[in-house]
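Take a look at the structure below.
The values are calculated or read from the model by the stated rules, or taken from the named source; none is laboratory data. None of the values given here were measured: they were computed from a predicted structure. Backbone-built Cβ (ideal geometry, glycine too); neighbour counts: all protein chains shown.
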Amino acid sequence: MIRYENNPVLVKEDVPFKVNSIFNPGAIKYNDEYLLMCRVEMPIGRSSFLIARSKDGFSFKLDTKPILTPEDHKDCYEYVNWGIEDARITSIDNKYYLTYTGYSKYKPVVILAETENFKTYKILGPISEASNKDCSIFPEKIDGYYWKVDRPEAEERRDIWISKSPDLIHWGEYSVLMEPDKGTWEDNKIGASTPPIKTKDGWLMLYHGVRGFGISSLYKLGVVLLDLNNPRIVKGKSKEPILSPEMDYERVGDVGNVVFSNGWIKEDNDDLKIYYSGADMNVCVAETSIDKLVALCK
Ligand code: BMA
């Protein structure tokens with residue numbers, strides 16, 4: 001991965017109202033524009049979503065006010081009233097589905113919303129129980145079903161699970177997809193980062209891995225390749241992290257030593273723009289290609 005030389009591309013000073021931070025954007029191409037669904041943490045410490053748009057993927061213009069807030073969640077407000085966080089965007093049949101974390105006294109739950117225009121949203125409600133987050137939906141049906149991955153917290157376990165659904169609302173046939181590799185950079189926990197992208201070799205997906213060091217936790221990114229016809233099969237994954245916190249803007253912030261991604265965009269030539277955040281404070285870009293990531297997994 002090659003970091004963009006002018007990272008970060010968005011910082012809190014770019015936001016036209018008072019925020020604590022802007023970070024962890026979902027990403028999609030919409031109407032020939034790069035669209036980022038950014039998390040803005042308000043001064044009181046609760047997050048909403050703010051859209052940023054760009055013609056080239058590097059230079060972004062922010063909306064003047066949030067497009068989705070906890071208060072918009074009329075039917076499930078009690079599960080999001082501490083904030084909405086870390087949207088993943090999947091396009092299926094001309095609709096855009098957002099999966100994100102709803103945060104409340106009940107701990108994180110996965111919320112699903114849909115939009116056709118990034119102006120009006122239909123909130124479909126929680127699609128998990130507490131505690132669950134890091135949910136990505138596959139961009140097409142496989143074997144007649146929708147598929148998702150997510151990351152429930154069960155006692156001390158933090159594994160990525162996979163499940164399927166006839167309608168995106170009712171989910172079942174859960175199984176464990178990936179477990180943290182003990183004694184490595186992903187020792188403590190893993191979670192899905194980006195929605196999977198279809199390649200001729202399989203479904204390609206970024207994930208994050210976390211290891212505790214002293215009083216700090218290091219968040220790094222890895223990549224995994226899943227079988228095209230049966231996404232429960234891991235065909236391979238990167239041996240080493242593909243992005244680790246190294247730059248000052250990844251080392252220093254509200255949560256230092258973090259690179260975290262929940263959005264990427266594939267260009268027509270199979271180049272990839274990976275949107276990520278350093279230290280829970282900003283929005284950055286790094287570039288790579290499908291071929292390079294598939295080769296690492298193989
Ligand atoms: C995860 C999520 C992310 C955050 C990351 C690092 O658990 O809460 O929103 O970026 O931790 O702090």
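Below are the figures for this structure:
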read-out	value
Filter result for Ser244 (closer than 16 Å to Leu296 by Cβ, out of contact with any Phe, Trp or Tyr (no Cβ under 7 Å at 6 or more places or on another chain) and among the hydroxyl-bearing types (Ser, Thr, Tyr))	yes
Where Ser244 falls short, out of the listed (1) within 14 Å of Lys220 (Cα to Cα); (2) polar (S, T, N, Q); (3) away from the ligand (no atom under 16 Å from the Cβ)	(3)
Wholly enclosed strands (runs of 3 or more DSSP E) of the stretch 100-208 bearing at least 2 residues within 15 Å of the ligand (Cβ to nearest atom) and modelled with pLDDT of 95 or more	109-115, 132-137, 146-154, 189-192
Filter pass, Leu221 being within 16 Å of the ligand (Cβ to nearest atom), in contact (Cβ under 8 Å) with a residue 40 or more places away in the chain, closer than 22 Å to Leu296 by Cβ and outside any loop (DSSP other than H, G, I, E, B)	yes
Residue that is nearest to the ligand (Cβ to nearest atom), among those in the stretch 256-281 that are more than 25 Å from Lys55 (Cβ to Cβ) and β-branched (Val, Ile, Thr)	Val258
Pick from the stretch 224-241, criterion more than 21 Å from Met1 (Cα to Cα) and hydrophobic (A, V, I, L, M, F, W, C), ranking: farthest from the ligand (Cβ to nearest atom)	Leu228
Test: residue in the stretch 61-81 that is assigned to a loop (DSSP other than H, G, I, E, B), out of contact with any Pro (no Cβ under 9 Å at 6 or more places or on another chain), surrounded by fewer than 20 Cβ atoms within 10 Å (Cβ to Cβ) and among the basic types (Lys, Arg)	yes
Test: Lys29 is in contact (Cβ under 8 Å) with a residue 24 or more places away in the chain, among the basic types (Lys, Arg), surrounded by fewer than 22 Cβ atoms within 10 Å (Cβ to Cβ) and part of a strand (DSSP E or B)	yes
